[in-house]
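Below: the structure, in structure tokens.
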Amino acid sequence: MAILPIIEAPHSSLKRISAPVETFDDALKTLVADMFETMYDAPGIGLAAIQVDVPLRVVVVDLQEPDPDAPVEECDDHGCGHDHRPAKRNPRVFINPEIFAPSEELSVCNEGCLSVPDIYADVERPAAVSLRWQDVEGNVHEEAMTDMMATCIQHELDHLEGILFIDHLSRLKRSMALKKLEKARRAA
Ligand code: NI
């Protein structure tokens with residue numbers, strides 16, 4: 001496995017439309033494993049292949065929500081009082097994913113993106129969607145997605161169409177976000 005470099009806006013590849021996966025081989029499994037390692041290392045909760053400059057319709061997601069069964073650990077390290085329950089790993093891979101039956105109800109979520117580091121903005125999307133996708137063996141699955149998963153999957157599927165979450169913002173807010181990103185990059 002390998003940690004792959006994540007490309008950042010305004011890299012031109014992020015505007016590419018990703019191609020369907022047609023061959024479910026070992027190279028695909030390696031790509032998926034590398035994408036998980038890259039996402040966990042970043043750290044992030046979702047990654048589309050184009051973010052590592054591979055224009056294929058492959059998405060990995062792990063919301064890494066706190067494990068409800070784990071005991072709440074008191075933080076004696078730095079006395080911050082945070083909930084230090086370990087995140088429960090739930091790696092999901094979606095190949096050739098397609099959304100259908102989006103809900104009429106919308107929800108707003110404060111989104112961020114590993115390709116737009118340190119920028120966060122509210123984006124309104126359908127609150128629930130259904131998803132059809134293939135796994136690494138090519139088997140087809142369907143599932144209704146709600147809450148954080150619905151938001152995350154819509155954000156990741158946008159990447160496959162060359163769309164970033166900041167593209168959902170007004171032109172003014174988007175240019176402010178890109179300027180902030182450019183400024184941070186120059187300072188680094
Ligand atoms: Ni993203």
Of the residues in segment 11-66, those that are at positive phi and either in a helix (DSSP H, G or I) or modelled with pLDDT under 95 (or both) number 1
Within the set of pairs 6+ apart or on separate chains, which have a first residue in segment 1-30 that is free of Cβ contacts under 8 Å to residues at least 40 places away in the same chain and surrounded by 13 or more Cβ atoms within 10 Å (Cβ to Cβ), a second that is polar (S, T, N, Q) and part of a helix (DSSP H, G or I), and C-beta atoms under 8 Å apart? Ile3/Thr38
Pairs needed: first member in segment 138-166, farther than 13 Å from Ser18 by Cα and free of Cβ contacts under 8 Å to residues at least 40 places away in the same chain; second member anywhere, aromatic (Phe, Trp, Tyr) and surrounded by 21 or more Cβ atoms within 10 Å (Cβ to Cβ); C-beta distance under 7 Å; at least 6 residues apart or different chains. His141/Trp133
What are the pairs with Cβ atoms under 6 angstrom where one residue, in segment 94-108, is on the phi > 0 side of the Ramachandran plot and surrounded by 10 or more Cβ atoms within 10 Å (Cβ to Cβ) and the other, located anywhere, is polar (S, T, N, Q) and at pLDDT 95 or above? Sequence gap at least six, or different chains. Asn96/Gln134; Ala101/Ser130
For residues in segment 137-164 being under 16 Å from Asn90 (Cα atoms) and aliphatic (A, V, I, L, M), which is nearest to the ligand (Cβ to nearest atom)? Ile153
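The values are calculated or read from the model by the stated rules, or taken from the named source; none is laboratory data. Quick caveat, the model's predicted, so the values are computed rather than measured. Cβ: placed from backbone, ideal geometry, glycine included. Neighbour counts: every protein chain shown.
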